[in-house]
Amino acid sequence: MARINLDHIRHAYGAKPASEKDYALKEVHHEWNDGGAYALLGPSGCGKTTLLNIISGLIHPSEGRILFDGVDVTNLSTESRNIAQVFQFPVIYDTMTVYDNLAFPLRNRNVPEPEVDRRVRETLEMIDLADWAKRKARGLTADQKQKISLGRGLVRNDVNAILFDEPLTVIDPHMKWVLRSQLKRLHRQFGFTMVYVTHDQTEALTFADKVVVMYDGEIVQIGTPAELFERPSHTFVGYFIGSPGMNLFPAKIEGSSVRIGTETLPLGFAPNVSGAARTELGIRPEFVHLGRDGMPVTVTKVEDIGRHKIVRARFAGQPLAIVVSEDAEIPAEARVTFDPAAISIYADSWRIGREA
Ligand code: ATP
């Protein structure tokens, strides 16, 4: 497996990009660790597939280089990059048995037959299809076919990385959960470098140790699920990650205080927002405390979603979501306080850290 370097990569589909907005992928400059599990997460059209295809070699980037373990592979074909790919719709040879489907990529590379047998059997165990080895692939269910496709990625132990492009889209919800957990376990056990594209946050957060959040052709944050939750670098990460997402309010910074509507809150630090056209305060619904003290809010709706409730309210002329425990009492004259440590300040959508 390999360490992947994305060295000042940019990509435009048009021939002569004139400005930043002509790039489907804006500049990416990162190092991804050998053996890391990365999820590329973001809404449709944000550039996930473009980035994945640059890594696999299906697309040659307009600018920049891509390196595997320090070796420049920018001009190498997909095949010579030695990458396994698992697509949304599995590519399976229907007339072959499950066993032969898995053996195919190895036989293709002239791996000796006893070694093929050992690896195929091992992989069949991993993907839980050992009992199906002799069956023809035709007639298998969509998730069994996707398991074969996963297996074909896993059967080769010489690949630099395994790339997944929304591999669970056609799988039913329960099986999705099973396959995702299996992948996670395989990753822990064998340490493959994996890059997984999805627009589903649950999928990304359960699969990856690092989630790469993309928005409008740009990587807005790379972080662990906890980092994305606790310190979203960009307002997009704030509201895209979490359910409900982060509350955001137009805010005015006054030294080390912040003003929202008629309320002023101490921050404990003085964010430098000079030159910003727009400043906002972000607070996750889990860190808003509802009670009889603090700033007055108007409760508009209470949603009971099992282990907790989501209170929908209005505060400073904006909607505010609050997560409370299932048995929490909702006072008639409701007031809220914000956990000071959980407040983030954003200048033109980017977080201003306390350390800045
Ligand atoms: P999805 O989840 O819908 O697959 P994505 O995040 O993978 O979306 P990309 O497919 O990488 O996004 O697309 C990024 C941008 O590049 C989009 O604006 C898309 O319209 C554009 N794009 C993608 N492929 C091409 C192409 N072959 N030619 C021109 N523009 C393209």
How many residues of segment 199-213 are of a type in the set (D, E, K, R) and closer than 17 Å to ASN33 by Cα? The answer is 2
What is the residue count in segment 189-227 for residues that are assigned to a helix (DSSP H, G or I) and within 26 Å of LEU67 (Cβ to Cβ)?
4
Filter segment 229-274 for residues that are outside any strand (DSSP E or B) and over 31 Å from the mean Cα position of the chain (by Cα) and give the result.
GLY255, SER256, GLY261, THR262, GLY268, ALA270, SER274
Which ones in segment 42-68 are small (Gly, Ala, Ser) and either more than 8 Å from the ligand (Cβ to nearest atom) or in a strand (DSSP E or B) (or both)?
SER56, GLY57, SER62, GLY64
Report whether or not ASN75 is at negative phi and surrounded by fewer than 18 Cβ atoms within 10 Å (Cβ to Cβ).
yes
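Yes or no, residue by residue, for (1) out of contact with any strand residue (DSSP E or B) (no Cβ under 7 Å at 6 or more places or on another chain); (2) modelled with pLDDT of 95 or more; (3) under 30 Å from ASP143 (Cβ atoms); (4) assigned by TED's automatic domain parsing to the domain that holds TYR196:
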| site | (1), (2), (3), (4) |
| --- | --- |
| LEU25 | no, yes, no, yes |
| TRP32 | no, no, yes, yes |
| THR49 | no, no, yes, yes |
| HIS60 | yes, yes, no, yes |
| TYR93 | yes, no, yes, yes |
| LEU106 | yes, no, yes, yes |
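Being of a type in the set (A, V, I, L, M) and surrounded by 12 or more Cβ atoms within 10 Å (Cβ to Cβ) is the filter here, so list the residues in segment 314-342 that pass it.
If the condition is that a residue be of a type in the set (A, V, I, L, M) and surrounded by 12 or more Cβ atoms within 10 Å (Cβ to Cβ), then ALA316, LEU320, ALA321, ILE322, VAL323, VAL324, ALA328, ILE330, ALA334, VAL336, ALA342 are the ones that fit.
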Which residue pairs have Cβ atoms closer than 8 Å, lie 6 or more positions apart in sequence or on different chains, and pair a first residue in segment 250-261 that is without any contact (Cβ under 8 Å) to a residue 24 or more places away in the chain with a second residue that is of a type in the set (D, E, K, R)?
ARG259/LYS252
What residue, of ALA15, ALA39, is within 15 Å of the ligand (Cβ to nearest atom) and in contact (Cβ under 8 Å) with a residue 40 or more places away in the chain?
ALA39
Condition check: surrounded by 14 or more Cβ atoms within 10 Å (Cβ to Cβ), closer than 30 Å to GLU27 by Cα, without any contact (Cβ under 8 Å) to a residue 40 or more places away in the chain and not hydroxyl-bearing (Ser, Thr, Tyr). Does VAL311 satisfy that?
no
Return the residue satisfying two criteria in turn: it lies in segment 154-168 and is of a type in the set (A, V, I, L, M, F, W, C) and part of a loop (DSSP other than H, G, I, E, B), and of such residues it is farthest from the ligand (Cβ to nearest atom).
VAL155
State which residue is nearest to the ligand (Cβ to nearest atom) when the search covers only segment 216-233 and only residues that are within 17 Å of HIS29 (Cβ to Cβ) and touching a residue at least 40 places away in the same chain (Cβ under 8 Å).
GLY217
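The values are calculated or read from the model by the stated rules, or taken from the named source; none is laboratory data. Since the model is a prediction, treat every value here as computed from it, not as a measurement. Every residue, glycine among them, receives a Cβ derived from its backbone with ideal geometry; neighbour counts consider all protein chains shown.
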